[in-house]
Amino acid sequence: MKVTFAQLGPNQTIGRSMSFQNSATAFSSGRDEAPFAIEELFFSRTDKRGVIASGNEVFRRISEYSWQELVGAPHKIIRHPDMPKGVFYILWERLKKGLATGAYVKNRAKDGRYYWVYAVISPIEGGYVSVRMKPSSKVFAQAQSVYADMLKREASEGLTPEQSAEKIRETLSGLGFPTYSAFSSYAIAQEMAARDAALDRADDGRLNSMKDLLPTLQNLETEQQKLFMTFAKIRGIPSNMRIVASRLEPAGGPISAISQNYRLMSDEVTNHLGGFRVENGTRSMTESVLSRVHHGIFMMAAARLQREVKMVASEAFVTGIEGDDFKNEVEVLTTLLDTYSIDSGSVLVSVFSDVTALTRSAKDLRQLVTGLDSIRVLCRVEAGRLGANSVSLMPVIDQLDKFHIEIDATLERIMHLSERVKTLVEASMPRVFNGSLRYHHS
Ligand SMILES: Cc1cc2nc3c(=O)[nH]c(=O)nc-3n(C[C@H](O)[C@H](O)[C@H](O)COP(=O)(O)O)c2cc1C
């Protein structure tokens, strides 16, 4: 196999890493951690089977292996026995589908010491690349406990990797992450923020705005569900009105007509609610937007990590830590991060246009509901005309009043939240996409 980086011996390390190296000559009990600094990032590239083709010096140094030992070896050379099999099952299942995947991984250095990373593994032509950072967020602690639990269950329940993967997904779902993507985008965003804070770096405004989209979209989702539920309840009212009207015959004639009109108009409103749904009405619009935002956050954060590895590598060429051959890896990273930046930008454009459509739907709906409301007022007037005879009609009218207040308030909140989503999308946009939203404004 062609070695595409400078051949460095196992003990040829530079600067800060020296002290780590010197203390690690004897085989460790496995309880010790192989330390590395939070600013350090790992990089490695494999072929389609996960056989190591290349890496950066940080990766090699912490692993304690020489390049001769690493290149051509399967990546599992640094596999730690504490890692649940299910995690790798999820990783490979996703990679084979062409999906970039983030995961917490506990690794084992040659001397037995362990080190944790948050890895972002991406498919590239002919293989995969992995960029890793030191995890330090609260999510990391959560992930460690999930892993420890899964490792025990794999042994005690004799789980296959596939079954273990299924249980991991179930556990994540119980923690509020409907999909593995939702978990990994949350984790990467938290890790980036924790790392920025530890390194005294300014907050990543774009990533934060994109993160803030999630609770806003979740609130939007809740409001939409409320709207569907209120409309579902309202549907029984015209029948109730007709029943009451038939008891009032012949004086109830106008009420009968009013209820018929109400039914027709509320049917129209219900049809219009379709505008809030996607995929044949099976999912609400925000649900689909949410999964795109998860993807966008992941891509944005991954691109930032890749850019940083690339920048550090450029400096390392000057100091000689990385050999000239690493320039090929920098090219791979450049292509990848450009693709990911565009990907996260496209997600934002599509979210913006969907939410613009949602605002339009909410406005149309409000107009229709105003029509419906005038029928409700008519009903009240008619009840007044009937005087004492209308007693049986009053509970139905009161119900209508209540629903209309609810619908008005929900639509108001939907429009307010949609505007907030649009503001956050604009704040998350990469500069290269400037102007692309204006088109969707119209
Ligand atoms: C680019 C890339 C990077 C990987 N990095 C690691 C790693 O750091 N540690 C690890 O244990 N496995 C890593 N893997 C997964 C391994 O290929 C392997 O699936 C894992 O070690 C479990 O081995 P097993 O499936 O044979 O049990 C990586 C795979 C790829 C494609």
Being buried (at least 19 other Cβ atoms within 10 Å of the Cβ), more than 11 Å from the ligand (Cβ to nearest atom) and under 20 Å from the mean Cα position of the chain (by Cα) is true for just one of Gly98, Gly102. Which residue is that? Gly102
Name the pairs whose Cβ atoms lie under 9 Å apart, with the first residue in the stretch 244-255 and basic (Lys, Arg), the second outside any loop (DSSP other than H, G, I, E, B), and 6 or more positions between them or separate chains? Arg247/Ser392
Right, Ser63: more than 28 Å from the chain's Cα centre (by Cα), more than 10 Å from the ligand (Cβ to nearest atom), crowded, with 20+ Cβ neighbours inside 10 Å and not hydrophobic (A, V, I, L, M, F, W, C) or not? no
Across the stretch 78-93, which residue is surrounded by the most Cβ atoms within 10 Å (Cβ to Cβ) among those that are under 28 Å from Glu39 (Cβ atoms) and more than 8 Å from the ligand (Cβ to nearest atom)? Val87
Picking from Ser184, Ser209, Ser164, which residue would you name as being closer than 23 Å to Ser341 by Cα and within 16 Å of the ligand (Cβ to nearest atom)? Ser184
Considering each residue of the stretch 68-77, count those that are surrounded by fewer than 20 Cβ atoms within 10 Å (Cβ to Cβ), outside any helix (DSSP H, G or I) and more than 10 Å from the ligand (Cβ to nearest atom), and give that number. 2
From Val318, Val293, Val278, grab the single residue that is crowded, with 16+ Cβ neighbours inside 10 Å and modelled with pLDDT under 90. Val278
Checked pairs for the stretch 50-76, first under 20 Å from Glu331 (Cβ atoms), second in a strand (DSSP E or B) and among the basic types (Lys, Arg), C-beta under 9 Å and 6 or more apart or across chains, list as Ile52/Arg45; Ala53/Arg45; Ser54/Arg45; Gly55/Arg45; Val58/Arg132; Phe59/Arg132
Determine which member of the set Val347, Val332, Val351 is in contact with a strand residue (DSSP E or B) (Cβ under 8 Å, 6 or more places away or on another chain) and surrounded by 16 or more Cβ atoms within 10 Å (Cβ to Cβ). Val332
Take the residues in the stretch 121-145 that are farther than 25 Å from Gly55 by Cα and surrounded by 19 or more Cβ atoms within 10 Å (Cβ to Cβ); name whichever of them is nearest to the ligand (Cβ to nearest atom). Ala143
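The values are calculated or read from the model by the stated rules, or taken from the named source; none is laboratory data. A quick note: this is a predicted structure, and the numbers were derived from the prediction, not measured. Positions of Cβ are generated from backbone atoms using ideal geometry, with glycine treated the same way; all protein chains shown enter the neighbour counts.
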